[in-house]
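J.: Handing you a structure now.
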Amino acid sequence: MKKYLAEMVGTMVLVLMGCGVAVSLGCDPVNNIPAVVGTALAFGLAVVAMAYTIGGISGCHINPAITLGCFLTKRISAKDCAMYMIFQVIGAFIGSAILFLLVGNVGGMEGTGANDLQEGVNTWGGLLAEIFFTCVFVLVVLGATAKTNGATNNFAGLAIGLSLVLVHLVCIRYTGTSVNPARSIAPAVFQGGTALLNLWIFIVGPFVGAALAAIIWKIVEPKEEK
């Protein structure tokens with residue numbers, strides 16, 4: 001149970017800090033580039049912080065897409081896969097609820113940092129973005145944490161956090177960057193509107209991307225520890 005609770009706490013922190021910065025800075029990929037950079041850094045730093053806080057307890061997935069990738073590469077059981085995802089979503093709802101309460105008491109602020117298609121981006125473009133960038137992100141996670149890949153896992157938290165910053169810098173313009181179904185589900189429920197209507201994109205896309213990453217990693221994974 002401790003590892004499930006760790007996933008809940010980690011995902012709560014990720015959503016509260018990442019989405020919180022997006023709302024606080026007024027992240028707008030067209031008109032507020034500094035806020036885009038700040039939001040990208042917030043998500044990446046949250047992952048780094050949690051990796052070195054709960055990584056030894058649960059592995060710090062804090063993302064159902066990562067959990068799926070680990071399951072498909074036979075790193076966790078089906079039971080752990082399901083329980084991780086459940087507690088990640090619970091943690092995301094806690095983080096979103098806290099942010100919703102805070103925003104409701106501050107004038108001039110609104111929303112919960114929910115993902116949505118950005119200006120000029122159609123459904124197909126948003127789905128492809130989530131598939132491609134989740135694939136890259138999960139592939140980094142699988143490679144950086146692999147026991148067969150030398151000493152790279154000693155710096156896994158830093159590598160994963162920095163890759164998430166990079167993914168956000170590229171993908172925010174298309175979808176606000178999800179690559180994490182839990183991070184999208186909870187804020188969309190609180191925010192409603194088109195964010196809720198388009199939520200399926202941020203569930204299907206990351207899961208497809210994670211499956212692709214698992215396939216790629218199985219192809220390139222070293223068979224013996226270096």
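J.: Just wondering, is there one or more residues in the range 58-65 that are within 16 Å of ALA156 (Cβ to Cβ) and β-branched (Val, Ile, Thr)?
T.: yes
J.: Let me ask something else about it. Just to be sure, is PRO187 under 14 Å from ILE66 (Cα atoms) and crowded, with 20+ Cβ neighbours inside 10 Å?
T.: no
J.: Just for the range 82-111: of the residues that are of a type in the set (A, V, I, L, M, F, W, C), under 16 Å from the mean Cα position of the chain (by Cα) and crowded, with 17+ Cβ neighbours inside 10 Å, which one is nearest to ILE54 (Cα to Cα)?
T.: Step by step, filter the range 82-111, then rank; the result is PHE87.
J.: Here's a follow-up. Criterion first (over 23 Å from VAL9 (Cβ atoms) and either among the small types (Gly, Ala, Ser) or touching a Ser or Thr at 6+ places or on another chain (Cβ under 7 Å) (or both)) does GLY143 satisfy it?
T.: Judged against the criteria, GLY143 is a match.
J.: Please work out which one of (1) modelled with pLDDT of 95 or more; (2) farther than 20 Å from PRO64 by Cβ; (3) not small (Gly, Ala, Ser) is the condition GLU224 fails and give its number.
T.: Condition (1) is where GLU224 drops out.
J.: Something else now. Take ILE57 and decide whether it is surrounded by fewer than 24 Cβ atoms within 10 Å (Cβ to Cβ) and out of contact with any strand residue (DSSP E or B) (no Cβ under 9 Å at 6 or more places or on another chain).
T.: Considered against the rule, which asks whether it is surrounded by fewer than 24 Cβ atoms within 10 Å (Cβ to Cβ) and out of contact with any strand residue (DSSP E or B) (no Cβ under 9 Å at 6 or more places or on another chain), ILE57 comes out as yes.
J.: Residue by residue through the range 1-41, note down the ones that are outside any helix (DSSP H, G or I), in contact (Cβ under 8 Å) with a residue 60 or more places away in the chain and surrounded by fewer than 18 Cβ atoms within 10 Å (Cβ to Cβ).
T.: VAL30
J.: Quick check on my filter: what residues within the range 61-75 are over 13 Å from ALA211 (Cβ atoms) and surrounded by fewer than 21 Cβ atoms within 10 Å (Cβ to Cβ)?
T.: If the condition is that a residue be over 13 Å from ALA211 (Cβ atoms) and surrounded by fewer than 21 Cβ atoms within 10 Å (Cβ to Cβ), then LYS74, ARG75 are the ones that fit.
J.: May I pose another question? For the range 57-77, does any single residue satisfy the condition of being in contact with a Lys or Arg (Cβ under 6 Å, 6 or more places away or on another chain) and of a type outside the set (S, T, N, Q)?
T.: Yes, there is a match, as at least one residue in the range 57-77 is in contact with a Lys or Arg (Cβ under 6 Å, 6 or more places away or on another chain) and of a type outside the set (S, T, N, Q).
J.: Something else about it: Residue by residue through the range 147-167, note down the ones that are closer than 18 Å to SER58 by Cα and modelled with pLDDT under 75.
T.: ASN153, ASN154
The values are calculated or read from the model by the stated rules, or taken from the named source; none is laboratory data. Not measured: the values here are computed from a predicted model. Methodologically, a virtual Cβ is constructed for each residue, glycine included, from the backbone with ideal geometry; neighbour enumeration extends over all protein chains shown.
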